[in-house]
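Read the structure below first, then the notes.
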Amino acid sequence: MTNKVLLRLKERPAFLQNYKNPCWYSDEAGKRELRCLPYYHILGVSKSGTGDLSARIRAHEDVLDCGYRLGKSMYYWSNARYGDGTPTDFYRFHRWEDIPQNAGLTEPVVVTPHLMKHVYKDPKFIIIFRNPTDRLYSDYIFLNHGDSPQSFHKHVLQAIQIEEECMRNNTVRQCLYSLDVSKQLPTRIFIGYYSVYMKEWLNVFRRENFLILRTEDYNHDMKGTLRKVYDYLKLNYNEEFLTSVVNIPHMHVTERKRKAGPMLKETRLLLDKLYRPYLEELAVLLQDKRFLWLT
């Protein structure tokens, strides 16, 4: 799959040069209005600190909130098919059959990155990855699928079985992008196959369009990570402002996870083995061994 796929969509607007955002004037029903797309997108990944990171970016005076009722998540490109801080955009391709170019196909040739490429000339994407094993447990407790390490282990076994049964007769893409399969899963185990989704994005956009972070680094050195983010977004700041942003209380601290306690060792070993080949592939794609999560 390449970005040479032709999309039967409207032409890209003629963006104005004096705006950071991709903005243009639209003439509709005899009325001229200024319309803008988000300056940046936090693509993912769910339960990896996207909400906290988004809040600290929006603390900058030059960054305006979209004003949407769900806050950072607009679900324009993923669930609703058509957010500037929506952490499902990276991986949620489950309704790919709705895209006209995919009609009658067994797996998609056009997914979210292709649609965004048609609209954006040079987008800014931020992805924050977390160890997929830890991410899944946090996600599981947060969504209240269960409240104990034992229930998590049981549901992980069931989810692995469902995915493995699908992959015996289908490609990995077909199974991970299947809405029907995802509805059967007692855990969102499919999110952790990071390299599968990353390849989709890198098949369409240049590596320079992505700032890719790790949750673990963000938690260990928030100030250093925010410097990278502000520099990437070309936002002015000084050390006093940076310190004030770091001191903002953390968002989405899950009390249920504290009560549940750590996952079982056998569950961790099972998930680490499941995700290992995809993390090895991710580390090669990004040319960064930190994404092996070996320590």
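Restricting attention to region 215-225, the residues that are of a type outside the set (Ser, Thr, Tyr) and surrounded by 20 or more Cβ atoms within 10 Å (Cβ to Cβ) total 1. Taking the listed residues 214, 206, the one that is out of contact with any Lys or Arg (no Cβ under 9 Å at 6 or more places or on another chain) and modelled with pLDDT of 95 or more is 206, with no other qualifying. In region 18-43, the residues that are among the small types (Gly, Ala, Ser) form Cβ pairs under 9 Å with partners that are surrounded by 12 or more Cβ atoms within 10 Å (Cβ to Cβ), at six or more places apart or across chains, as follows: 26/13; 26/35. Might you let me know whether region 270-277 holds any residue that is under 23 Å from the mean Cα position of the chain (by Cα) and within 29 Å of residue 119 (Cβ to Cβ)? No, region 270-277 contains no residue that is under 23 Å from the mean Cα position of the chain (by Cα) and within 29 Å of residue 119 (Cβ to Cβ).
Being over 20 Å from residue 86 (Cβ atoms), touching a His at 6+ places or on another chain (Cβ under 7 Å), of a type outside the set (S, T, N, Q) and outside any helix (DSSP H, G or I) holds for only one residue in 123, 186, and it is 186. The set of residues in region 163-183 being surrounded by fewer than 18 Cβ atoms within 10 Å (Cβ to Cβ) and among the aliphatic types (A, V, I, L, M) consists of 167, 172, 179. If you go through region 105-120 and keep only what is polar (S, T, N, Q) and assigned to a helix (DSSP H, G or I), you end up with just 112. Would you call residue 67 part of a loop (DSSP other than H, G, I, E, B), surrounded by fewer than 18 Cβ atoms within 10 Å (Cβ to Cβ), over 18 Å from the mean Cα position of the chain (by Cα) and at pLDDT 90 or above? No. Taking the listed residues 16, 34, the one that is assigned to a loop (DSSP other than H, G, I, E, B), exposed (fewer than 14 other Cβ atoms within 10 Å of the Cβ), at pLDDT 80 or above and in contact with a Leu (Cβ under 9 Å, 6 or more places away or on another chain) is 16, with no other qualifying. Would region 88-104 turn up any residue that is modelled with pLDDT under 75 and either part of a helix (DSSP H, G or I) or charged (D, E, K, R) (or both)? The answer is no; no qualifying residue exists.
Among the conditions (1) surrounded by 18 or more Cβ atoms within 10 Å (Cβ to Cβ); (2) of a type in the set (A, V, I, L, M); (3) assigned to a helix (DSSP H, G or I), the only one that residue 285 does not satisfy is (1).
The values are calculated or read from the model by the stated rules, or taken from the named source; none is laboratory data. Keep in mind it's a predicted model, so treat the numbers as computed, not measured. Note: ideal-geometry Cβ built from the backbone for every residue, glycine included; neighbour counts use all protein chains shown.
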